[in-house]
1. Select from segment 31-49 the residues that are under 18 Å from Glu68 (Cβ atoms) and open to solvent by less than 80 Å² (accessible area, probe 1.4 Å) and list them in ascending order.
2. Output the number of residues of segment 175-191 satisfying the condition of being in contact with a Phe, Trp or Tyr (Cβ under 8 Å, 6 or more places away or on another chain) and either surrounded by fewer than 18 Cβ atoms within 10 Å (Cβ to Cβ) or closer than 26 Å to Leu107 by Cα (or both).
3. Scan Glu256, Glu222 and give me the residue that is farther than 23 Å from Arg296 by Cβ, modelled with pLDDT of 95 or more and surrounded by fewer than 18 Cβ atoms within 10 Å (Cβ to Cβ).
4. Quick one: is Pro32 within 22 Å of Gln89 (Cβ to Cβ), in contact with a helix residue (DSSP H, G or I) (Cβ under 7 Å, 6 or more places away or on another chain) and not in a helix (DSSP H, G or I)?
5. Identify the single condition in (1) hydroxyl-bearing (Ser, Thr, Tyr); (2) surrounded by fewer than 23 Cβ atoms within 10 Å (Cβ to Cβ); (3) at pLDDT 95 or above that Thr198 does not satisfy, given that it satisfies every other one.
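The values are calculated or read from the model by the stated rules, or taken from the named source; none is laboratory data. Here the structure is a predicted model, which means the values were calculated and not measured. Using ideal geometry, Cβ is built from the backbone for each residue, glycine included, and neighbour counts are taken over all protein chains shown. Surface accessibility is based on the protein's heavy atoms, side chains included, excluding ligands, DNA and RNA. Shrake-Rupley method; radii C 1.70, N 1.55, O 1.52, S 1.80 Å.
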Amino acid sequence: MAPSLLYNPTKLPPSAALQLAQQAPRVLQGSPSSSETVDQWATYENLLLACLRTGDDEAAAKCMDRLEARFGADNERVMALRGLLSEAQAQGNRELEAVLKQYDAILEGNSTNIPITKRRIALLRSMGRVSDAASALVQLLDFSPTDAEAWSELSDLYFTQGLYSQAIYALEEVLLLSPNAWNIHARLGELQYMAATTSGNGGGSQPRYLAEALKRFARSIELCDDYLRGYYGLKLVTTSLLKEQAKQAKQTDDGEFTLPDSKTIERLDELATAKLSEIVRHSTLKDRGWRGYDEREVAAARELLSQNGIER
């Protein structure tokens, strides 16, 4: 199915974003409709984002002008989009520093401008100032503690610095706000699995991390029974646990969660293997109803099955 300009294109693969950006001449050829709708302005915003991803700054600027004319230059969302356009057009670090100063000036006048605060944090991160970005996120969360997006970004920043316990804590805050988000359960499982398998995270914490990872991946596929990343993570964890039979019956350090017995872990491993095989087979054949998976994730699942000597 062709991508739509009614949906945010930032997570689309490059080829799909290019398809959207190529619609710019048609969308921009006339004036905005007098009988405006929410979809009309969402189209302009998403086209702007698609054009920035594909390097069409001229079309992006035209979208920006239309949004600014309609909502005003002082609209916080418009200000953030204008800042994003300035970042994309910046040539070198000096011009990015100038954009950062513009953000600082805006926030001096209105420290509660959340869209600009988030753009400033994103710019700090893109400039390699990760610790500054993390500090700014902590300040934002002091002001807005129910911002799930900010908690998720903070978790990712901690992860890039190898701070697994802090990354896990931040993502647990996301789950408090969105308890049925299967992708967040799986991401939390990934962090816990990496914490368990990374050198320097010993001291008896490995069983606890593996137990929690198993729990999160299982919850992820319970909420979404076709979620590839959930089954992929479940396969990784069960494989690790089955290789360490002596540790399977032990309780975690804090007594919060007990690992299942070996037979249960084997059944979970078989479930993950069967589902991954099914997803890989149908996705490779491009069967109807199986075309929504990321090709890179399917390739990773195929490689994982091959490492375990499993024929697809």
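1. Filtering segment 31-49 for residues under 18 Å from Glu68 (Cβ atoms) gives 31-33, 36, 38, 40-49.
Answer for segment 31-49, where residues must be under 18 Å from Glu68 (Cβ atoms) and open to solvent by less than 80 Å² (accessible area, probe 1.4 Å): Pro32, Ser33, Gln40, Trp41, Ala42, Thr43, Tyr44, Glu45, Asn46, Leu47, Leu48, Leu49.
2. Selection size over segment 175-191: 2.
3. That would be Glu222, the only listed residue that is farther than 23 Å from Arg296 by Cβ, modelled with pLDDT of 95 or more and surrounded by fewer than 18 Cβ atoms within 10 Å (Cβ to Cβ).
4. No.
5. (3)
The rows are residues; the columns are (1) at pLDDT 95 or above; (2) closer than 30 Å to Ala211 by Cα; (3) among the β-branched types (Val, Ile, Thr); (4) buried (at least 20 other Cβ atoms within 10 Å of the Cβ).
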| residue | (1), (2), (3), (4) |
| --- | --- |
| Ile114 | yes, no, yes, no |
| Ala122 | yes, no, no, no |
| Ala150 | yes, yes, no, yes |
| Tyr158 | yes, yes, no, yes |
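Yes or no, residue by residue, for (1) open to solvent by less than 50 Å² (accessible area, probe 1.4 Å); (2) within 17 Å of Asp225 (Cβ to Cβ); (3) aliphatic (A, V, I, L, M); (4) assigned to a helix (DSSP H, G or I):
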| site | (1), (2), (3), (4) |
| --- | --- |
| Leu268 | yes, yes, yes, yes |
| Ala272 | yes, yes, yes, yes |
| Lys275 | yes, yes, no, yes |
| Arg281 | no, yes, no, yes |
| Arg288 | no, no, no, no |
| Gly292 | no, yes, no, no |
| Ala300 | yes, no, yes, yes |
| Leu304 | yes, no, yes, yes |
| Ile310 | yes, no, yes, no |
